[in-house]
Ligand code: NDP
Ligand code: OXD
């Protein structure tokens, strides 16, 4: 069996070391040096070029190097019946939680305002709410949304969360949950800080649009650590420029790297980070790749299999 590694971002040598330590006799091929296409049984990928995966007639599983799989579904020639798995990993989750806490606290404690004051040499103590007076809305209550919710609750915030399917009260004690389009509007109306941790699918693309921004309270901050395709870019700029939104923190973009000259780079109310909210660490994630290879061989169910119908 051969495992093909392809990534526009991750270091193949790190992955080769970690995988070789776990899979005896590993035959690892590094894209584009795949060798004979019929050799490839497994593909470990990040943003595969369109048409790449359909070249391998014996492909048995596609492993996403990240938690998201939208980069795989972007391939119009994606083989229809090959199972796709994603990363679920404590270290990846910890990274997202750190990022969410950092950016929520930054907005809550008004650091952008104090940075502006410092630029002007202005000493002014602004009104500060208490955490229990601040409502944080989470779009997505999956692995990452739930972990962020738990830590935000621990800081005393009022935490709201939205998902596709309704959740029972015991799902996330202390979090008020919402579902469906009506639930979305209701939650947005109360979210002074909104954090997007949704997968990018046909149903969630452009979900952060003019309507969503208008539904947020005046002065709200939007934090997007999910995918650039969630944001209707012109609508975001308009909502910032007309003063309805106080700020936006963006880690992900429709085109990455964010192109030089893009207005997000220089907008005074936008904070840009280069898709670093969390990064897959092969030292922990190689275990689940190796285990899934064993599971395919043994005919057992795969870990972290995604639902192709839902797209996540
Ligand atoms: P999960 O699959 O565990 O959770 C997804 C959540 O989104 C679920 O609660 C799901 O609802 C909800 N959801 C999906 N579709 C809809 C919809 N149409 N309407 C409302 N809710 C919806 O994903 P993770 O938490 O593991 O990851 C989320 C995303 O975070 C990834 O897909 C990836 O794009 C992004 N990410 C970004 C990183 C970065 O560095 N910036 C790092 C890692 C991930 P339900 O519970 O009903 O299924
Ligand atoms: C992921 C990501 O999906 O890094 O894991 O964005």
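Annotation: the residues 275, 262, sorted from fewest to most other C-beta atoms within 10 Å of their own C-beta, follow the order 262, 275. Please state the relative contact order of the chain as a whole percent: Cα pairs under 8 Å, 6+ residues apart? Relative contact order, the chain: 16 percent. Protection proxy ranking for 1-11, 194-204, 74-84, using the average of other Cβ atoms within 10 Å per residue and placing the highest first: 194-204, 1-11, 74-84.
Among 46, 162, a tally of other beta-carbon atoms within 10 Å of each Cβ gives an order, fewest to most, of 46, 162. Overall, the anisotropy analysis places the chain in the prolate class: the square-rooted eigenvalues a ≥ b ≥ c of its C-alpha gyration tensor yield a/c not less than 1.5, with a/b exceeding b/c. Listed peptides 288-296, 64-72 appear in the order 64-72, 288-296 once ranked by packing, highest mean of other Cβ atoms within 10 Å at the front. Descending by average beta-carbon neighbour count within 10 Å, the peptides 238-249, 16-27 line up as 238-249, 16-27, the highest first.
Since every read-out is calculated from the coordinates, none of them should be taken as a lab result. Values in this document were obtained by computation on a predicted structure and should not be read as measured data. Cβ sites come from the backbone with ideal geometry, for glycine too, and all protein chains shown count toward neighbours.
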